[in-house]
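To start, the structure under review is shown below, and the notes come after it.
The values are calculated or read from the model by the stated rules, or taken from the named source; none is laboratory data. Values in this document were obtained by computation on a predicted structure and should not be read as measured data. For the accessible areas, the whole protein counts, side chains as well, though only heavy atoms, and no ligand, DNA or RNA atoms are used. Shrake-Rupley method; radii C 1.70, N 1.55, O 1.52, S 1.80 Å.
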Amino acid sequence: MDDETAPQKGTVTQRAIERIKAMIGEGRLEPGQRLPTERDLAAQLGMSRSSMREAIRALTVLGVLEARHGSGIYVTRLEAGDLLETFGVVADLSRGPQLVELLEIRRTLESTATALAAARITEDQLAEVEKHLAAMNATDDPEEILAHDLAFHREIAVAAGNETMAAILEGLSSRTFRARVWRGYQEEGAYARTRREHAAIHRALAAHDPEAARAAAAAHVAEVEQWLRAQLGP
């Protein structure tokens, strides 16, 4: 009996999720607003309390809703960074061909973000990028290089001026995978090459040359793709 009812329950819960999302999308629930009680919301939408409870739990995990202890359930600020946090989990857990696919997406977005940054970056932001580049060049410690590599690309994504794109790139920037890449580069003696790639990105940003920045960023991620494909073998 349980096997027969499980799919139905899933369908009802999904419908409850869609109803709550519709209320937010239509402006009936605003960012920061407290949800009606579980009972009132279930009655309002004509659904069971158990389905509503499951829907609220799912939307909380996704970052659409947040539970405040002793206060109730609220709609979050609905900012891209909060809603796209699950990207990071996907990137960290991906293996093999799926990682290659994620790198292809990152190559497209990172080259676009770097081109936008070349046109929009401020002197203060450029100085931050240069600081992390210098720190990368001053050490052979993979952990230190990793930290500054992540910060280097994060500063560029922020300078692009598109918060949603920056949030997606942050999610695609798996620390676990990047650590593996840097350890691999250390073993292959490939630090010099990747430092040249970062330097080329910085030069294009400093010159405020969007097309050069786009090409340098695309070439950099393409090198990581090539390295991963070599690791995976034929």
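Of note:
- Max mean-square fluctuation residue, GNM over the chain, Cα-Cα springs under 10 Å, options 46, 171, 96: 46
- A 1.4 Å probe, protein heavy atoms only, puts the accessible area of residue 221 near 0 Å².
- When the chain is treated as a GNM with alpha-carbon contacts under 10 Å, the residue of 117, 167, 80 showing the greatest mean-square fluctuation is 80.
- Relative contact order (%) - the chain, alpha-carbon pairs under 8 angstrom, separation at least six: 21 percent
- The Stokes-Einstein estimate for segment 17-99, based on a Kirkwood radius over Cα pairs and taken at 25 °C with 0.890 mPa s viscosity, is a diffusion coefficient of 177 µm²/s.
- Along each principal axis, Cα extent of segment 143-234, largest first, Å: 37, 29, 25
- Axial C-alpha extent at least 24 Å, average Kyte-Doolittle at least -0.5 - helices from the chain (DSSP): 97-120, 142-159, 210-232
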